[in-house]
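Since the structure comes first, as structure tokens, the remarks are kept for the end.
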Amino acid sequence: MVMKQIECRDVILRHFLESDLYDFYNYARIDGVGEKAGWRHHLTIEMSKAVLYNQLLEQENVFALEHKNTHHVIGSISVEKSSLTNDFPSMNCLEIGYVLHPQYQNKGIMSDVVKNLTQIFFQENLCECFLICCDEKNLASQKVALHNGFKKYKKTENIYYPALDEMRTLYCYYLEKEKKTSPLK
């Protein structure tokens, strides 16, 4: 399913555009933003341009978060086939990854985005389960997962992040699609 855009309370999820470069660089350059997600913050706009052109543009599974009031891109969210398929072998699981400009954190924006995105994917029968995996120190991402009904199911230690050249401990959360039961006759 190709989604054009999803409207949330404060943001519109849409695909990245070339014109988003400066907005993308604006949050990707902040020390600590990328590091929470496992990548180094961008030192130059050329780094952001390379990522935008090589990883974000025209990707079906990556959405820019455009703030409704300012029309600036303030973050992104991706939905990808999970690498943890062995954890849920009988289910079609997708993994969510997200990043948000610190100025917009702790305002419920990402929680609302995750809620809307998971509901749409479940309604369209695009998956049966969502996963969110984040660093044990990334309390903001953990709060988003828990706020949306995800349950912690796994702690994995010594995961190597080549972009950061460090080992990390991850917490993994899951959200399963509610199964509708038919009433008994």
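Can you tell me the 0 to 90 degree angle between the C-alpha axis of helix 109-123 and the longest principal axis of the chain, rounded to 10?
Orientation of helix 109-123: about 40 degrees from the principal axis.
Might you work out the accessible area of ASP135 for me, using a 1.4 Å probe with all protein chains in place, and round it to the nearest 10 Å²?
Accessible area of ASP135: about 20 Å².
Given an 8 Å cut-off on Cα distances and at least 6 residues of separation, report the relative contact order of the chain as a percent.
Normalised by residue count, the contact order of the chain is 19 percent.
Each residue of region 25-41 in turn: what ³J(HN,Hα) in whole Hz from Karplus with 6.51, -1.76, 1.60 and θ = phi - 60°, glycine and Pro shown as x?
Ordered by residue, 3J(HN,Hα) equals 4, 4, 9, 6, 7, 6, 4, x, 5, x, 4, 4, 9, x, 10, 6, 4 Hz.
Tell me, what is the FRET efficiency for GLU58 and GLN5 to the nearest 0.05, using R0 = 25 angstrom and their Cβ-Cβ distance as r?
In this case the efficiency is close to 0.95.
First measure r as the distance between the Cβ atoms of LYS151 and ILE12, then evaluate 1/(1 + (r/R0)^6) with R0 = 35 Å and state the FRET efficiency to the nearest 0.05.
Efficiency computed from Cβ-Cβ geometry: 0.75.
Where does the chain land at 222 nm, in deg cm²/dmol rounded to the nearest 500, when only DSSP H runs of n ≥ 4 count, each adding -39500 (n - 2.57), divided by all residues?
Only helices count here, giving -6500 deg cm²/dmol.
Please identify the GluC sites (Glu not before Pro) of region 1-60 that satisfy two criteria: DSSP loop assignment and at most 16 other Cβ atoms within 10 Å. Which are they?
Here the sparse-neighbourhood loop sites are GLU58, GLU60.
Going from most exposed to least, what order do MET91, MET167, MET47, MET110 have by accessible area with a 1.4 Å probe?
MET167, MET47, MET91, MET110
If I take R0 = 25 Å and measure r between the Cβ atoms of PHE88 and ILE159 in this structure, what FRET efficiency does the formula 1/(1 + (r/R0)^6) give, to the nearest 0.05?
Efficiency, from the Cβ-Cβ distance: 0.85.
Name the shape class, rounded, prolate or oblate, that the alpha-carbon gyration tensor gives for the chain, where a ≥ b ≥ c are the square roots of its eigenvalues, rounded holds for a/c under 1.5, and otherwise prolate holds if a/b is larger than b/c and oblate otherwise.
oblate
Straight-line reach from LYS151: which lysines have Cα under 27 Å away, leaving out those fewer than 8 places along the same chain?
Within reach: LYS36, LYS81, LYS107, LYS115, LYS137, LYS143, LYS177, LYS179, LYS180.
The values are calculated or read from the model by the stated rules, or taken from the named source; none is laboratory data. Quantities reported herein were computed from a predicted structural model and do not represent experimental measurements. Glycine gets a Cβ as well: all are built from the backbone with ideal geometry, and neighbour counts include every protein chain shown. Ligands, DNA and RNA are stripped out before the accessible areas are found, and what is left, the full protein with its side chains, is counted by its heavy atoms. Shrake-Rupley method; radii C 1.70, N 1.55, O 1.52, S 1.80 Å.
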